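K.L.:
The structure that follows is given in the form of structure tokens.
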Amino acid sequence: MSKSKLYLFAIGGTGSRVLNSLTMLLATGMKMNTEKIIPMIIDTDINNGDVEKCRNTIKTYNNIHKAIFDGVPEEESQGHFFRTQIMPPKELNISGTDYGTLREMIDYNALGSKGFGKTKGLFDLLYSNRNKDMPLEKGFLGNPNVGNVVLKNVVESSEFKEFTQDFKENDRIFVISSIFGGTGAAGFPLLMNVFRDETSGMNNKSFINNAIIGGVSVLPYFQVDVEKFNSGESAINSSTFITKTKAALSYYNRNLKQLVNAMFYVGDTRQSNYENFDGGLEQKNPANFIELTAASSIVEFMDYEPNAGTIEDLAQSTKFFEYGITTDTGTLHLKHLRNDENIKRFLCFHHYNIYVSNFMALALKNDKLAWRNELKLANNYEKQRFYGDMASFASRYYFRWLYELSADRHDRKFLPFDLSIIRNKTDLDKDICGAQMAKLIVDEKKLFTLVTAIPAKDSSNFFFKDRIKYDEEFSKISKDLIANQYSNKERTVSEMLNLGISKIIDERFSL
């Protein structure tokens, strides 16, 4: 059976942040058992900063993937950087600005005159005046009861109809949502009921009804400034997150467990502290280890019963998963990932980004460098789009993502690498828009202390300093790469980086 496509529904700000971390995982070359991923973003806050960051990260990833692998058979170069195809996100976003408030959306003031007096009375019973008058342009601000009314419009969108038209037998669906907010808590149940509705008139109904569906439900893992809620500056009150979670879990247990085939739960008692923004461009929460964990559940879902195409093929109809760490520590490193192959992918990708952002531009200008001449690269190759995209992904997205994971506002940090090499941390902290690129200083001695908890082998002595000779290693394999006659220069360069750095990591680290 050929690999299935994965339709990945990312709901709300948490959904976009998890999708961003998944993009980083796949950039390392982590293998994903799918033909390609089609992200489907759902967020009424169309100006959400987290969504914008996710869009830009995937766009740059796509530029690199297409330059290397466009037209390359699926079975080739598996496990290499940027190998998995991620399609440009389809945005099922229904702009809250189109509706104003909930009161305006349902034409509340005219209900009585139109003969819907009882409906108006029921609406008054279910929704407070604060709910009715809450502007919808920045999402549902922790109110899933409001989201449930508005999000029904998602399934009427042209993007959702396009999804149903394209869906094929054996394709899979995965839904990312938080359980303690508004958009995610409302969107997940709504989508599950639509997917499993046997009476619906949607395209390819039988394929979708019988598809293997997974989901990750993100439990509370951060809190925001409650004083802003008390003073009326924000509509978000994180002190209610736990209560909302308990209520939602009870509902899920009663109504959804028979609809989903693989359900993952992630959360953390060590919570991060975030700014209290209602939404918009300012809502750019830093990357969090919980989001990375949620992203890894998507990879695991595609490996779950890999030979099963529909729900009839599953050994059991529903299975629940949890992720845990063996030690309650405030700082996590690569060994906490537990999978040696994934650890190696992180090590390789980190050294790749170190080389691309610090050494490669200078190497490309060196007309005496063996690998550069062997590959017959243009004299201005460092100014061409491919290298520009690689350097941008490294400095604008990857190192910033790592830095955010290690931020002091997290009570549980992910610090797999020494980030003292980033010299403009203050600028990154102040940069709300995400325009700043991380600037690094990496000397040769630092190359042996870059990884926390996994020391590199160093055969130095007093007279000779052992160092990581990137260019020397690349030059050793460049002739063999030319003999393979890859389809374009970009693929040849990519193969060189993958093979050379993998050999370096094998020689330097014992996993």
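K.L.:
Quick check: is even one residue across the range 407-426 in a helix (DSSP H, G or I), open to solvent by 20 Å² or more (accessible area, probe 1.4 Å) and over 23 Å from Lys344 (Cα atoms)?
P.N.:
The initial filter retains those residues of the range 407-426 that are in a helix (DSSP H, G or I), namely 425-426.
Filter again for open to solvent by 20 Å² or more (accessible area, probe 1.4 Å), leaving 425-426.
Among the residues that remain, those that are also over 23 Å from Lys344 (Cα atoms) are: 425-426.
Looking through the range 407-426, at least one residue is in a helix (DSSP H, G or I), open to solvent by 20 Å² or more (accessible area, probe 1.4 Å) and over 23 Å from Lys344 (Cα atoms).
Okay, residues lined up against (1) open to solvent by 30 Å² or more (accessible area, probe 1.4 Å); (2) modelled with pLDDT under 90; (3) polar (S, T, N, Q); (4) under 28 Å from Thr245 (Cβ atoms):
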site: Thr164; (1), (2), (3), (4): no, no, yes, no
site: Phe167; (1), (2), (3), (4): no, no, no, no
site: Thr183; (1), (2), (3), (4): no, yes, yes, yes
site: Asn193; (1), (2), (3), (4): yes, yes, yes, yes
site: Asn204; (1), (2), (3), (4): yes, no, yes, no
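K.L.:
Related question: Looking for whichever is in contact (Cβ under 8 Å) with a residue 12 or more places away in the chain, open to solvent by 10 Å² or more (accessible area, probe 1.4 Å), of a type outside the set (Asp, Glu) and under 19 Å from Glu291 (Cβ atoms) here; the options are Lys59, Lys53. Which one fits?
P.N.:
Details: Lys59 fails: under 19 Å from Glu291 (Cβ atoms).
The conditions single out Lys53.
K.L.:
Let me ask another. What residue, among those in the range 29-50 that are farther than 19 Å from Tyr397 by Cα and among the charged types (D, E, K, R), is most open to solvent (accessible area, probe 1.4 Å)?
P.N.:
Filtering first and then ranking leaves Lys31.
K.L.:
If I go through the range 350-374 residue by residue, how many of them are part of a helix (DSSP H, G or I) and more than 16 Å from Leu440 (Cα to Cα)? Lay out the reasoning, then the answer.
P.N.:
Step one: of the range 350-374, the residues part of a helix (DSSP H, G or I) are 350-358, 360-364, 370-374.
With the extra rule that they be more than 16 Å from Leu440 (Cα to Cα), the set shrinks to 363-364, 370-374.
Number of matching residues: 7.
K.L.:
Provide a single number: the residues in the range 336-346 that are under 21 Å from the mean Cα position of the chain (by Cα) and surrounded by fewer than 16 Cβ atoms within 10 Å (Cβ to Cβ). Break it down into steps so the answer makes sense when it comes.
P.N.:
Going through the range 336-346, the residues under 21 Å from the mean Cα position of the chain (by Cα) turn out to be 336-339, 341-346.
Then keep just the ones that are surrounded by fewer than 16 Cβ atoms within 10 Å (Cβ to Cβ); that gives 338-339, 341.
Within the range 336-346, residues that are under 21 Å from the mean Cα position of the chain (by Cα) and surrounded by fewer than 16 Cβ atoms within 10 Å (Cβ to Cβ) number 3.
K.L.:
Check off (1) under 18 Å from Met24 (Cα atoms); (2) modelled with pLDDT under 90 for Thr57 and give me the number that stays unchecked.
P.N.:
Here Thr57 clears every test but (2).
K.L.:
While we're on this one: Pull out all pairs, ordered by first then second residue, where Cβ-Cβ is under 8 Å, the residues are six or more apart or on different chains, the first lies in the range 315-336 and is over 29 Å from Ala211 (Cβ atoms) and modelled with pLDDT under 90, and the second is of a type in the set (Gly, Ala, Ser) and in a loop (DSSP other than H, G, I, E, B).
P.N.:
Lys335/Ala453
K.L.:
Can Lys446 be described as over 27 Å from the mean Cα position of the chain (by Cα), surrounded by 12 or more Cβ atoms within 10 Å (Cβ to Cβ), at pLDDT below 85 and outside any loop (DSSP other than H, G, I, E, B)? Working first, answer last.
P.N.:
Values: over 27 Å from the mean Cα position of the chain (by Cα): yes; surrounded by 12 or more Cβ atoms within 10 Å (Cβ to Cβ): yes; at pLDDT below 85: yes; outside any loop (DSSP other than H, G, I, E, B): yes.
Considered against the rule, which asks whether it is over 27 Å from the mean Cα position of the chain (by Cα), surrounded by 12 or more Cβ atoms within 10 Å (Cβ to Cβ), at pLDDT below 85 and outside any loop (DSSP other than H, G, I, E, B), Lys446 comes out as yes.
The values are calculated or read from the model by the stated rules, or taken from the named source; none is laboratory data. The structure presented is a predicted model; accordingly, all values stated were derived computationally and were not measured. Counting neighbours? That spans all protein chains shown, and the Cβs are built from the backbone with ideal geometry, glycine included. Only protein heavy atoms, including side chains, enter the accessible area calculation; ligands, DNA and RNA are left aside. Shrake-Rupley method; radii C 1.70, N 1.55, O 1.52, S 1.80 Å.
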